[in-house]
Amino acid sequence: MKKLLGILGLFVSSFGYSQDDQSCLQYEPTFLTRMPGFYIDGCQHSEYNTKKFYYTDLKNNEIQKPISGIYTWITYGKIENETRKFSGEQIRLNYANAVKKAKGEILSVNNDFFKVKANGREIYFAIEDAKDMDDQGFSIFIVEIEAMQQDVVANLDEAIDRDGKVALYGILFDVGKSSIKPESAAALKQITDYLNANPAVRIIVVGHTDNTGTYAGNITLSKARAESIKNYLITTGKIAASRLMSEGVGQACPVTTNANEEGRKQNRRVEIVKL
């Protein structure tokens, strides 16, 4: 998607950039320009975290929405010699207008919580502390939806000996796709190592989804993902095809509720089942 640079119709003075916390510049969002007259005062960033957004929706309901993914927090301070007086409402409305032009969604009645699509991801962001008549600073909290890279994997031998199966969360796919993402290599290697260490074992690779979408679509998707993993084990892992089967059950076997994102994340998984 095209970046939204320039949508706010504003520019930032070079003096403002010179005051920026330089370590934070790499985390400033590329999908929005900055309000003029402000500099980056500080930031936090992590490749995966959960942020609980609190907001009043368009029907005046008080909402608490936890969202997980790439997390960024940036706080802006007003440049000392800036003569314009920006109200908090003005700041929030600028962002709201930018989101509208980008065909995003304004989720809050106060114009302080938004959803856009950029960089190939769904992105949620909130404006906080933009309230004063002459606002001296505000914060932006951003979460880009992204599955966590699974760095810790179960001991397959122990889990399969005990339960006859193991659930893996480190094999990742783009939404609605069956192509394996590169960051899945560690989990796939563990399956390969297990099969090489146990040459008599045969397995079924079973794909599972959450309940997003249609039942029939989820069955098709889970089967395609399991087939992709089986093919990877054959072509890259050099495992004999006769030792592998694949199946997909869609949303039929959840491990927990699909009523919230945490539950849906647990239900989106791959299971290795010993035959």
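Could you check, for the range 228-248, whether at least one of its residues is under 28 Å from Ile67 (Cα atoms) and surrounded by fewer than 19 Cβ atoms within 10 Å (Cβ to Cβ)? So far as the range 228-248 goes, no, none of its residues is under 28 Å from Ile67 (Cα atoms) and surrounded by fewer than 19 Cβ atoms within 10 Å (Cβ to Cβ).
Quick grid of which residues meet (1) outside any helix (DSSP H, G or I); (2) among the hydrophobic types (A, V, I, L, M, F, W, C); (3) closer than 23 Å to Lys117 by Cβ:
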site: Tyr48; (1), (2), (3): yes, no, yes
site: Lys65; (1), (2), (3): yes, no, yes
site: Trp73; (1), (2), (3): yes, yes, yes
site: Tyr76; (1), (2), (3): yes, no, no
site: Glu82; (1), (2), (3): yes, no, no
site: Glu89; (1), (2), (3): no, no, no
site: Arg92; (1), (2), (3): no, no, yes
site: Tyr95; (1), (2), (3): no, no, yes
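Arg92 meets each of the listed conditions (1) surrounded by 13 or more Cβ atoms within 10 Å (Cβ to Cβ); (2) at pLDDT below 95; (3) over 30 Å from Gly263 (Cβ atoms) apart from (2).
Would you point out which residue out of Asp163, Asp151 is exposed (fewer than 14 other Cβ atoms within 10 Å of the Cβ), over 26 Å from Thr72 (Cα atoms) and at pLDDT below 95?
Details: Asp151 fails: over 26 Å from Thr72 (Cα atoms).
Exactly one residue qualifies, and that residue is Asp163.
Out of Lys189, Lys238, one residue alone is at pLDDT 95 or above and of a type in the set (Lys, Arg). It is Lys238.
Could you please let me know if Val255 is touching a strand residue (DSSP E or B) at 6+ places or on another chain (Cβ under 6 Å), touching a residue at least 60 places away in the same chain (Cβ under 8 Å) and not basic (Lys, Arg)? Explain how you work it out, then say what you get.
Numbers: touching a strand residue (DSSP E or B) at 6+ places or on another chain (Cβ under 6 Å): no; touching a residue at least 60 places away in the same chain (Cβ under 8 Å): yes; not basic (Lys, Arg): yes.
So Val255 does not fit the description; no.
For Tyr27, the conditions (1) among the aromatic types (Phe, Trp, Tyr); (2) out of contact with any strand residue (DSSP E or B) (no Cβ under 7 Å at 6 or more places or on another chain); (3) at pLDDT 90 or above all hold with the exception of (2).
Can you pull out every residue in the range 97-110 that is part of a loop (DSSP other than H, G, I, E, B), free of Cβ contacts under 8 Å to residues at least 60 places away in the same chain and at negative phi?
Taking the range 97-110 and keeping what is part of a loop (DSSP other than H, G, I, E, B), we get 102-104, 107, 109-110.
Filter again for free of Cβ contacts under 8 Å to residues at least 60 places away in the same chain, leaving 103-104, 107, 109-110.
Of everything in the range 97-110, those that are part of a loop (DSSP other than H, G, I, E, B), free of Cβ contacts under 8 Å to residues at least 60 places away in the same chain and at negative phi turn out to be Gly104, Leu107, Val109, Asn110.
Just one of (1) surrounded by fewer than 16 Cβ atoms within 10 Å (Cβ to Cβ); (2) polar (S, T, N, Q); (3) modelled with pLDDT of 95 or more trips up Thr212, so point out which. Here Thr212 clears every test but (3).
Whenever a residue of the range 203-215 is in the same structural domain as Ser178 (by TED's automatic domain parsing) and within 10 Å of Ala252 (Cβ to Cβ), its partners that are of a type outside the set (S, T, N, Q) and assigned to a loop (DSSP other than H, G, I, E, B), lying with C-beta atoms within less than 7 angstrom and at least six residues away or across chains, give the pairs His208/Val249; His208/Cys253; His208/Arg268; Thr209/Gly250; Thr209/Arg268; Tyr215/Gly250. Among the residues of the range 224-246, those that are in contact with a helix residue (DSSP H, G or I) (Cβ under 9 Å, 6 or more places away or on another chain) and farther than 18 Å from Gly170 by Cα comprise Ile234, Lys238, Ile239, Ala240, Ala241, Arg243, Leu244, Met245. Checking each residue in the range 52-89 for being over 28 Å from Asp134 (Cα atoms), surrounded by fewer than 19 Cβ atoms within 10 Å (Cβ to Cβ) and either touching a Lys or Arg at 6+ places or on another chain (Cβ under 9 Å) or not assigned by TED's automatic domain parsing to the domain that holds Met133 (or both) picks out Gln64, Lys65, Pro66, Ser68. Condition test on Ser246, is it of a type in the set (Ser, Thr, Tyr) and part of a helix (DSSP H, G or I)? So Ser246 fails the test.
What do you reckon, is Gly217 small (Gly, Ala, Ser), under 27 Å from Lys65 (Cβ atoms) and touching a Pro at 6+ places or on another chain (Cβ under 8 Å)? It is false that Gly217 is small (Gly, Ala, Ser), under 27 Å from Lys65 (Cβ atoms) and touching a Pro at 6+ places or on another chain (Cβ under 8 Å).
Taking the criterion of being of a type in the set (A, V, I, L, M), crowded, with 19+ Cβ neighbours inside 10 Å and part of a strand (DSSP E or B), the residues of the range 186-208 that qualify are Ile203, Val205, Val206.
The values are calculated or read from the model by the stated rules, or taken from the named source; none is laboratory data. Note that the structure is predicted; figures quoted are calculated from it, not measured. Note that each Cβ is placed from the backbone with ideal geometry, even for glycine, and that neighbours are counted across all protein chains shown.
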